[in-house]
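The values are calculated or read from the model by the stated rules, or taken from the named source; none is laboratory data. For clarity, every value in this text was computed on a predicted model and none was experimentally measured. Ideal geometry is used to build each Cβ from the backbone, glycine not excepted, and the neighbour counts take in all protein chains shown. For accessibility, only protein heavy atoms count, side chains too; no ligands or nucleic acids. Shrake-Rupley method; radii C 1.70, N 1.55, O 1.52, S 1.80 Å.
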Amino acid sequence: NFNGRWPSKSYVVITSKLEADSFDLTVAVKNVGDEDLPVGVGWHPYFAFPSGQREQVKLKIPAKKMAVVNNYDDVFPTGKLIPMKGAYAFNADGGKALEKNFLDDCFVDLNKDASGSVTAEIIDPAAKYGLKIIGLSPEISAFQAYAPPDKQFVAFEPQFNWGDPFGKEWKGRNTGMVTLKPGQSVTYSVQLKVFIP
């Protein structure tokens with residue numbers, strides 16, 4: 001309970017599994033206390049570009065909107081959501097190349113399949129390499145992408161919640177936090193799967 005700084009108590013089990021062409025990460029959280037427990041689970045993996053040619057690497061993000069931030073130094077959300085267009089049109093068919101654009105953005109309003117899962121992709125055409133990031137948990141409501149233009153990686157983060165989920169800028173909007181009653185559990189599950197684009 002972070003020395004009394006967080007409501008209730010949680011029991012967390014983290015498991016991972018590595019296969020020849022995939023990696024699975026699961027975080028199971030149970031409220032073992034006697035108060036409601038707010039839960040936001042995310043993962044901050046960095047993915048290198050095998051070709052070393054960042055500008056041609058494509059991201060495919062199955063979202064309809066992105067959260068506007070105050071600036072890229074603080075990266076505090078303003079509460080405004082905008083359509084993914086222009087430099088941020090990563091929801092286009094086949095994805096969109098990073099080019100020279102800086103990213104540290106949260107993409108929301110995800111397009112999910114019938115089971116509630118969502119799949120984003122990193123595609124490095126020059127290396128004939130692709131990676132699917134499959135958010136299996138229906139509670140996943142955002143993908144954060146961090147990609148500085150002078151680096152050969154992207155941090156691609158499937159997460160339950162949006163940035164600053166309890167901030168007044170959201171004006172009571174659902175920002176993806178999960179509230180567990182005593183005895184309730186939630187599972188965060190993500191699979192990475194390699195493919196040839």
Exercise. Just one of VAL75, VAL108 is within 17 Å of the chain's Cα centre (by Cα), within 17 Å of PHE156 (Cβ to Cβ) and not in a strand (DSSP E or B); which is it?
Worked result: VAL75
Exercise. Considering only residues of region 88-105 that are more than 17 Å from the chain's Cα centre (by Cα) and not in a loop (DSSP other than H, G, I, E, B), which is nearest to SER51 (Cα to Cα)?
Worked result: ALA97
For this session: Only residues that are out of contact with any Ser or Thr (no Cβ under 6 Å at 6 or more places or on another chain), open to solvent by less than 30 Å² (accessible area, probe 1.4 Å) and in contact (Cβ under 8 Å) with a residue 40 or more places away in the chain: list them for region 164-182, please.
Result: GLY167, TRP170, VAL178, LEU180
Problem set entry | Among (1) assigned to a loop (DSSP other than H, G, I, E, B); (2) surrounded by fewer than 17 Cβ atoms within 10 Å (Cβ to Cβ); (3) touching a Lys or Arg at 6+ places or on another chain (Cβ under 9 Å) - the single one ALA20 does not satisfy | (3)
